[in-house]
Each structure stands twice: as C-alpha cells, then as structure tokens.
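J.: Just dropping this structure here.
The values are calculated or read from the model by the stated rules, or taken from the named source; none is laboratory data. Keep in mind the model is a prediction, meaning the values are calculated, not measured. Positions of Cβ are generated from backbone atoms using ideal geometry, with glycine treated the same way; all protein chains shown enter the neighbour counts.
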Amino acid sequence: MIPGTAPSARHSTAPIPERASFAPPPPRPLSRGKKLCFAAATALLAYAAVEAAATTLWLRTVPQVYWIYEGSGPGVTFDAATGYRTYGGPSRVAKFSRGSGPRKAEVEYVGAVGGNSSGFADGDEFGPARTRPDALRLAVFGDSFTGGDLPRRWPDRAEDADPALDLLNLSQSGFGIGNWHRTLLRVVRGEGYEIDGAVFAVWDNDLARRFYVCDHGEGSVQRGGRVESWDPADYPATRADADRWMATWHGFVVDRERFDAAVAGAWTPRRPFRLFVAGELLDRALGRKKESSRVGAMPHGTLARDLADPSQGRGRLVREVAGALRELRAPAFVVKIPTLEELIEKRTAPPADDARAFAAALGAPFVDGALAFDGLDEAEIRSHWYERDLHWNQKGSDRFAEWFAPVLRDAFRGKEGTR
C-alpha cells in the first residue's frame, strides 16, 4: 500500500446490521362466552371457600339456646284455630343456653312437655261437654307460666287443692292476646264448650303478643314465630302458609341415656347439616323469618290507648273477646302473673298496667298474683324461680296454685254447674 492512500474498499469492514425486533402478535380477545365461564368459575371457587368456612364454623358452634327432648319428643303441630297444639307425652325436656364466647352451654331447667288428646297442656282429658255437672268449669288462658314445661302446671295443682274446680288449660308457651282471642272464638265458642267462666293469667307482655305459630316438623326441625299483624284475616290457614312467619330454632330428640348425658354435661348435640350461606340466601328468597319476633316489642301501659279504637288492632281483639264471653254467658277473671323482678323490688301492678286495662275492658275482677308470695324474703322468693331462666319452677307454680284456688272459688261462687 502506498503511504497516504486510503485502504481498498474490498478490505473495509462492513457495517453490522441492526438486529431486527420481532414483537409477539397481540393476543386474540376472549370470546364473551369464555369470559362468562371464567367469571363463573372464579365466583364458584370463591363461594365454595366461603361456604366451606361458614358451614364448618356454624356446625361446630353450640347454639345460643337449644332444647333436648327425651324419647319421641312432643308432637307440636301447627293449628289454625289456636296457633299450635301439643300432643303426647309427658316427655322430659331440658333447656340449655350459653353466654357470649365459646364456653359450653349450661342447663337452665329440666322439665316436662306434653298435651292431652285435644292438644292442650292439661293433665286431664276434656272436650266441649262438661263431665262433672257440679264442678266450676273454667277455661284458662295463659302463656308458658300456665302451659309451659312443668311436670304439673298450676291449673292441675289448683284442682288438687280444690276438687270442685274443673280448669280447662287452653294455654301454651308463647301465647298472648292474639292466641287467646283465636282460641276463644274458634275453639271455645266455635265448638260449643260449656264453661262457667274464663280466667286470663296475664304475664308481663302477654297483651303485646301477636298470634304465635309453631310446628316441630321432623326430628330437630322446629320452627316458630309471630304473625306481624293484628288482623285475624292475615293469620295462616295451613302449615305452608305459616312457614313464612316461622324461624328455625334448635330442639333435639334423643334417647334416655343421651338426655342424661346432656344434662350432666357429658354430651353436646351437633347442629343438623346445612349449607349455611346457601341456606341463608334461600330463606331470604322465600321470605322466611330469621328469628322469632320479639314477644315484648310493644311498650307497657299502651293497651288503654289501643282500646280507644275497638275497630282495629288490639282494641278489636279485646272487644271480640268480651263479645264472645257475653255470648257464652261466661264472666271473666284476670290475674297478673308477677315477674321475679317485681317480687324482689316489691312492686305491684301500677294503675296504668295493661292487665288492669284488659280486666276493665272485660268488666272482670282483677287480682295481682304477687300476693301469692307475700311474706317471703328475697332468698325465699328466688327459691321459687329457676336460677337462670325467667320462669318460676315447680315450687313457685304450686305455691301460686294453692293461693289462687280459693281466690277463684270466691270470685265465681254460685256459678258452678249453672249452664
């Protein structure tokens, strides 16, 4: 090469070409059908996870309140004329409850439940016709203090105290003015019962209670609740109609050995299997109650106001009760069942009390049942009630019966066997 000359072109380095970039083609958009399938699969997996967790937790949680029945259990059946009736028994029953947290449930009481062949909580059989011509035959309307879970309820004990009394116990747990009205009109008047009078044993909020329906169904599937109307035209006519007003509650039917084990704390029932989330959604779709309506949802001392309009609501029910008793020529008597708090605090029924207003509307004598426990100190009063439950025990019921039997005889003196 001659100095100072440029290199030959054939010896020059060729430029390195730039590397070509190959971008992937854009993905094909999913079809609408695939998007829906993907969304459905995701939702299903999420639901399955939530359902599994919720159902497992629900099944392992002891119910807040539950009942255990020995043997075949009571035959509690919806009835359009009364709300429900109880057949068979008596069968032992234990009520359990627990406070907040996961601690084990404790026994509130051990009692008995059952009914006669008419479906009422009476130790004797009865029907429309009187069987004891010279006895004072009275229809008794009350709630769980009168027709509840005791081996011997106060109307039966009052008959023991005075054999001249023939008390037809038409009471059931949960009953109040709604059920009393219906039973009086449909059963006592409708079926032509021969009675010399009617006794209304009114506790705390009985006169605020709408029509109560209940049915035990199969096994532990038990439902109950209140119709949210004072109009009898809205009351259910069939079990299927009643279902919308009822909420599931927990009752378990077991044999004698398991019943004893439960009371001793050695066995706790498991909830029946149910998909929790799916069940909740189904209940909402069907409009089913999630819990029974509160029995004391109305304030005290308001019945007199409602009685001012006897064309609707409670006023109408009380007016029709009074009218039916006049047709039957059956005078009424009202007794107030005291609460434990009233006895401890030495409170008697105030002038504005609904029970007094009810008695006045019926033109009936009134007596405060707190008098049955006069002279007892606080410890003695508490011994007549369950320790954990709000009801009186057998001792309390018996004491009331022995006090009330002569009160009834005096109130209806000369009325027995007059029909």
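J.: With respect to Arg382, determine if the residue is in contact (Cβ under 8 Å) with a residue 24 or more places away in the chain, of a type outside the set (Ser, Thr, Tyr) and assigned by TED's automatic domain parsing to the domain that holds Thr146.
T.: yes
J.: Continuing with this model, one more query. Name the residue, out of Ala304, Ala330, Ala352, that is modelled with pLDDT under 95, assigned to a loop (DSSP other than H, G, I, E, B) and touching a helix residue (DSSP H, G or I) at 6+ places or on another chain (Cβ under 9 Å).
T.: Matching residue, one of Ala304, Ala330, Ala352: Ala352.
J.: Are any residues in the stretch 157-179 of a type in the set (D, E, K, R) and in a helix (DSSP H, G or I), and if so, which ones?
T.: Those that are of a type in the set (D, E, K, R) and in a helix (DSSP H, G or I): Arg157, Glu159, Asp160.
J.: Residues Arg356, Arg326, Arg347, Arg305: which one is of a type in the set (Lys, Arg), surrounded by 19 or more Cβ atoms within 10 Å (Cβ to Cβ), assigned by TED's automatic domain parsing to the domain that holds Glu191 and more than 21 Å from Pro155 (Cα to Cα)?
T.: Working: Arg326 fails: surrounded by 19 or more Cβ atoms within 10 Å (Cβ to Cβ); Arg347 fails: surrounded by 19 or more Cβ atoms within 10 Å (Cβ to Cβ); Arg305 fails: surrounded by 19 or more Cβ atoms within 10 Å (Cβ to Cβ).
Criteria check complete, one pass: Arg356.
J.: Ok, one more. Only residues that are of a type in the set (Val, Ile, Thr) and closer than 26 Å to Ala308 by Cβ: list them for the stretch 338-377, please. Don't jump to the end; show me each part of the working.
T.: Applying the first criterion (of a type in the set (Val, Ile, Thr)) to the stretch 338-377 yields 339, 344, 348, 367.
The answer is Thr348, Val367.
J.: Within the stretch 105-151, work out how many residues are in contact (Cβ under 8 Å) with a residue 60 or more places away in the chain, crowded, with 18+ Cβ neighbours inside 10 Å and closer than 25 Å to Arg329 by Cβ.
T.: Counting residues in the stretch 105-151 that are in contact (Cβ under 8 Å) with a residue 60 or more places away in the chain, crowded, with 18+ Cβ neighbours inside 10 Å and closer than 25 Å to Arg329 by Cβ gives 10.
J.: Across the stretch 253-301, what is the total count of residues that are among the hydrophobic types (A, V, I, L, M, F, W, C), at pLDDT 65 or above, assigned to a helix (DSSP H, G or I) and farther than 24 Å from Gly114 by Cα? Steps first, answer last, please.
T.: Restricting attention to the stretch 253-301, the residues satisfying the condition of being among the hydrophobic types (A, V, I, L, M, F, W, C) are 253-254, 259, 261-264, 266-267, 273, 275-278, 281-282, 285-286, 295, 297-298.
When the remaining residues are screened for being at pLDDT 65 or above, the result is 253-254, 259, 261-264, 266-267, 273, 275-278, 281-282, 285.
Within this subset, residues satisfying the condition of being assigned to a helix (DSSP H, G or I) are 259, 261-263, 276-278, 281-282, 285.
Filter once more, so that each one left must be farther than 24 Å from Gly114 by Cα: 276-278, 281-282, 285.
Looking only at that region, the number is 6.
J.: Moving on to the next point. Take Arg98 and tell me if it is assigned by TED's automatic domain parsing to the domain that holds Glu70, surrounded by fewer than 20 Cβ atoms within 10 Å (Cβ to Cβ), basic (Lys, Arg) and over 29 Å from Val318 (Cα atoms).
T.: Yes; evaluated as a whole, the condition is true for this residue.
J.: Quick one: Gly217 ticks every box in (1) surrounded by 24 or more Cβ atoms within 10 Å (Cβ to Cβ); (2) under 22 Å from the mean Cα position of the chain (by Cα) except a single one, so which number is it?
T.: Unmet for Gly217, out of (1) surrounded by 24 or more Cβ atoms within 10 Å (Cβ to Cβ); (2) under 22 Å from the mean Cα position of the chain (by Cα): (1).
J.: Does Arg85 qualify as being more than 22 Å from Gly176 (Cβ to Cβ), of a type in the set (D, E, K, R) and assigned to a strand (DSSP E or B)?
T.: For Arg85, the condition - more than 22 Å from Gly176 (Cβ to Cβ), of a type in the set (D, E, K, R) and assigned to a strand (DSSP E or B) - is not met.
J.: Is at least one residue of the stretch 191-198 in the same structural domain as Leu340 (by TED's automatic domain parsing), surrounded by fewer than 23 Cβ atoms within 10 Å (Cβ to Cβ), of a type outside the set (Lys, Arg) and in contact with a helix residue (DSSP H, G or I) (Cβ under 6 Å, 6 or more places away or on another chain)?
T.: No - not one qualifying residue is present in the stretch 191-198.
J.: Any residue in the stretch 398-419 that is out of contact with any strand residue (DSSP E or B) (no Cβ under 8 Å at 6 or more places or on another chain), within 20 Å of Asn205 (Cα to Cα) and free of Cβ contacts under 8 Å to residues at least 40 places away in the same chain?
T.: no
J.: Quick one: which residue in Gly315, Gly323 is touching a helix residue (DSSP H, G or I) at 6+ places or on another chain (Cβ under 7 Å), in a helix (DSSP H, G or I) and free of Cβ contacts under 8 Å to residues at least 12 places away in the same chain?
T.: Every option except Gly315 fails the conditions.
J.: I would also like to ask the following. I want to confirm something. Restricting to the stretch 362-419 and keeping residues that are aromatic (Phe, Trp, Tyr) and assigned to a loop (DSSP other than H, G, I, E, B), which single residue is nearest to the chain's Cα centre (by Cα)?
T.: Checked the stretch 362-419; the qualifying residue nearest to the chain's Cα centre (by Cα) is Tyr386.
Results for (1) surrounded by fewer than 10 Cβ atoms within 10 Å (Cβ to Cβ); (2) at pLDDT below 60; (3) part of a helix (DSSP H, G or I), shown as yes or no for each residue.
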{"residue": "Thr5", "(1), (2), (3)": "yes, yes, no"}
{"residue": "Thr13", "(1), (2), (3)": "yes, yes, no"}
{"residue": "Ala20", "(1), (2), (3)": "yes, yes, no"}
{"residue": "Lys35", "(1), (2), (3)": "no, no, yes"}
{"residue": "Leu44", "(1), (2), (3)": "no, no, yes"}
{"residue": "Tyr69", "(1), (2), (3)": "no, no, no"}
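J.: Another question, if that's okay. I need the full set of residues from the stretch 226-240 which are in a helix (DSSP H, G or I) and either surrounded by 15 or more Cβ atoms within 10 Å (Cβ to Cβ) or aliphatic (A, V, I, L, M) (or both), in order please.
T.: Pro232, Ala233, Arg239, Ala240, listed by residue number.
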